[in-house]
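J.: Sending over a structure as structure tokens; questions will come in a sec.
The values are calculated or read from the model by the stated rules, or taken from the named source; none is laboratory data. Nothing here was measured: the structure is a model prediction, and the numbers come from that model. Counting neighbours? That spans all protein chains shown, and the Cβs are built from the backbone with ideal geometry, glycine included.
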Amino acid sequence: MIYAAKEFTLKNGLKVTLKSPEISDAPKLLDSIIKTSTTTDYITSLPEDYQKYLDDMSKEEAFISGSNDNDNSYLIAVYVNDIIVGNCFLDFLGNIKTRHRGRIGIAITEEYRGMGIGSLLFDEMIKLAKKRKNVTQLELEVIKENERAKRLYTSKGFVKTGDRPRVLRLPNGKYLDEELMVLYLDK
Ligand SMILES: CC(C)(COP(=O)(O)OP(=O)(O)OC[C@H]1O[C@@H](n2cnc3c(N)ncnc32)[C@H](O)[C@@H]1OP(=O)(O)O)[C@@H](O)C(=O)NCCC(=O)NCCS
């Protein structure tokens with residue numbers, strides 16, 4: 001689904017635009033995701049994982065159109081002066097028995113973290129989820145030691161519902177554990 005452009009001014013005065021990315025923004029979106037993956041251990045990918053998209057940009061374009069044209073998902077990109085500095089996705093599960101659930105994920109490039117962009121994206125996504133019939137919970141996974149992310153999620157009302165050990169193994173052999181979190185929209 002399409003999230004139409006909205007402009008916001010952050011507490012530090014920076015102006016950002018949130019909107020669903022255009023197909024032609026595929027290289028910019030990919031660039032922001034690769035940058036994020038070089039600066040955090042807390043997402044599931046490394047830069048090498050995106051080589052196939054760099055080799056064939058139509059794959060990244062398909063990712064954007066797949067989300068924009070899908071009745072069960074939103075992809076919002078964050079633009080600063082026409083550069084993408086982060087993104088957030090929300091997918092609603094589709095079966096009758098699972099359509100009460102939405103899954104949310106987020107990534108912001110390093111220079112733009114800690115400015116309130118994550119909070120803004122979550123506020124917008126939570127509003128969209130609340131408007132959707134049948135949806136009663138949003139779910140996410142977060143690496144246990146990712147304090148900044150957990151602080152964001154807790155501030156929006158997410159609560160921990162479980163643990164999943166050793167979901168990531170870093171190139172140095174270190175394992176990272178994950179926590180599962182849920183935001184109940186009907187409580
Ligand atoms: C985690 C992430 C999405 C948070 O987004 P953000 O834009 O940096 O967060 P915000 O600026 O909106 O801040 C959210 C909260 O974290 C707090 N925070 C900011 N910097 C922090 C830090 N270094 N340590 C702990 N908390 C911090 C803020 O104070 C705010 O809490 P508050 O509302 O109680 O004041 C972002 O930092 C990011 O993309 N990190 C790398 C990738 C990642 O971890 N993705 C999430 C995977 S689950």
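J.: If we keep just the residues of the stretch 142-173 that are buried (at least 16 other Cβ atoms within 10 Å of the Cβ) and under 16 Å from CYS88 (Cβ atoms), which is farthest from the ligand (Cβ to nearest atom)?
T.: Top of the filtered list is PHE158.
J.: Which ones in the stretch 7-25 are within 13 Å of ILE117 (Cβ to Cβ) and either in contact (Cβ under 8 Å) with a residue 60 or more places away in the chain or surrounded by 15 or more Cβ atoms within 10 Å (Cβ to Cβ) (or both)?
T.: If the condition is that a residue be within 13 Å of ILE117 (Cβ to Cβ) and either in contact (Cβ under 8 Å) with a residue 60 or more places away in the chain or surrounded by 15 or more Cβ atoms within 10 Å (Cβ to Cβ) (or both), then PHE8, LEU10, LYS11, ASN12, LEU14, LYS15, VAL16, THR17, LEU18 are the ones that fit.
J.: Answer yes or no: is there a residue in the stretch 145-161 that is small (Gly, Ala, Ser) and closer than 23 Å to ASN12 by Cα.
T.: Yes, the conditions are met somewhere in the stretch 145-161.
J.: Restricting the first residue to the stretch 93-122 and requiring it to be closer than 13 Å to ILE76 by Cβ and of a type in the set (Val, Ile, Thr), which pairs with a second residue that is in a strand (DSSP E or B) and modelled with pLDDT of 95 or more meet a Cβ separation below 6 Å and a spacing of at least six or different chains?
T.: Close Cβ pairs (under 6 Å, with a partner that is in a strand (DSSP E or B) and modelled with pLDDT of 95 or more) amount to ILE104/LEU90; ILE104/LEU138; ILE104/LEU140; ILE106/CYS88; ILE108/GLY86; ILE117/VAL78; ILE117/GLY86; ILE117/ILE108.
J.: Moving on to the next point. Within the stretch 18-115, considering only helices (runs of 4 or more DSSP H) that don't extend past its boundaries, which have at least 3 residues that are within 16 Å of the ligand (Cβ to nearest atom) and small (Gly, Ala, Ser)?
T.: Result: empty, no element qualifies.
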